[in-house]
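Below: the structure, in structure tokens.
The values are calculated or read from the model by the stated rules, or taken from the named source; none is laboratory data. Computed from a prediction, not measured in an experiment: that's the story for all the values here. With ideal geometry, Cβ positions are generated from the backbone for all residues, glycine too; neighbour counts draw on all protein chains shown.
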Amino acid sequence: MKGTSHAIVGAATGFVVANYYQATPATTILLVGLGGISGLMPDMDIDGTLRNRITISHKVFRTVTQIIGILMILYSFLNGTSQEQIYGAAIGASILLLSLFIKKKHMLTITGAAVLVGGISLQENWLLLLGIFIIISSLIAHRSYTHSIIGILFYSIISLQFEQSTQIEGAYYTCLLAYISHIICDSRFLPVNKRGVKLFLPFSSKDL
């Protein structure tokens with residue numbers, strides 16, 4: 001199923017939850033948005049449209065990194081002692097070297113690391129866990145762990161932490177059910193799917 005369809009199903013899930021809780025119009029809009037996002041989250045592992053939309057261009061990031069490396073070298077030589085000049089030049093050169101290896105596929109991992117650091121800085125557990133989820137998703141194959149029971153359980157923890165932090169009633173069920181809806185829509189029992197999901201990883205790799 002295409003991403004747009006997953007987002008629509010997730011948004012509809014948020015609308016149903018909002019009606020169940022008799023949410024205000026503002027909260028209803030928020031839950032619909034959360035549902036749409038959560039309905040796409042299992043596909044965080046695919047190297048495609050979703051990754052491109054939540055990450056900046058790897059070329060832009062590489063250029064910024066190279067500028068930082070050059071500025072560090074220049075600054076160390078202009079303002080540092082002889083020892084600081086050596087350290088600054090070494091660090092700057094290392095940054096320049098590492099920037100050459102930044103590819104498109106690395107951007108989601110970098111984004112996840114940034115989210116994780118943000119969660120630590122803000123002391124928000126849900127954001128920290130979301131960062132971990134994004135990092136793991138960037139390293140695994142499509143329709144694997146994010147489409148399994150393990151992925152559902154991990155995302156349910158994120159959803160629960162999010163609701164507890166924001167006090168948005170219905171956020172937990174919206175996020176969790178929208179996430180599950182994606183996996184159901186990707187299952188083989190739907191005739192539009194040529195392949196299914198490995199729901200019971202790592203214990204079984206059978207497509208369902």
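For ILE136, are the conditions met, namely being among the β-branched types (Val, Ile, Thr), in the same structural domain as THR166 (by TED's automatic domain parsing) and modelled with pLDDT of 80 or more?
Numbers: among the β-branched types (Val, Ile, Thr): yes; in the same structural domain as THR166 (by TED's automatic domain parsing): yes; modelled with pLDDT of 80 or more: yes.
So ILE136 passes the test.
Name the residue, out of SER156, SER144, SER148, that is at pLDDT 95 or above, of a type in the set (S, T, N, Q) and in the same structural domain as ALA11 (by TED's automatic domain parsing). It is SER156. Cβ-Cβ distances below 7 Å connect no pair with a first residue in region 160-178 that is outside the structural domain of VAL16 (by TED's automatic domain parsing), a second residue that is among the small types (Gly, Ala, Ser) and assigned to a helix (DSSP H, G or I), and a separation of six or more residues or different chains.
Can you find a residue in region 118-127 that is under 30 Å from ALA23 (Cβ atoms), of a type in the set (D, E, K, R) and under 16 Å from the mean Cα position of the chain (by Cα)? Within region 118-127, one or more residues are under 30 Å from ALA23 (Cβ atoms), of a type in the set (D, E, K, R) and under 16 Å from the mean Cα position of the chain (by Cα). If you check TYR179, TYR155, TYR172 for being in contact with an Asp or Glu (Cβ under 7 Å, 6 or more places away or on another chain) and part of a helix (DSSP H, G or I), only one passes: TYR172. Of all residues in region 182-208, those that are part of a helix (DSSP H, G or I) and of a type in the set (Val, Ile, Thr) total 2.
Residues that are among the hydrophobic types (A, V, I, L, M, F, W, C), crowded, with 16+ Cβ neighbours inside 10 Å and modelled with pLDDT under 75: does region 92-113 have at least one? Yes, some residue in region 92-113 is among the hydrophobic types (A, V, I, L, M, F, W, C), crowded, with 16+ Cβ neighbours inside 10 Å and modelled with pLDDT under 75. I'd like the full set of residues that are buried (at least 17 other Cβ atoms within 10 Å of the Cβ) and in a helix (DSSP H, G or I), limited to region 133-149. Passing the criteria: PHE133, ILE134, ILE135, ILE136, SER137, SER138, TYR145, THR146, HIS147. Restricting attention to region 157-184, the residues that are farther than 16 Å from ALA7 by Cα, surrounded by 17 or more Cβ atoms within 10 Å (Cβ to Cβ) and within 15 Å of the chain's Cα centre (by Cα) add up to 3.
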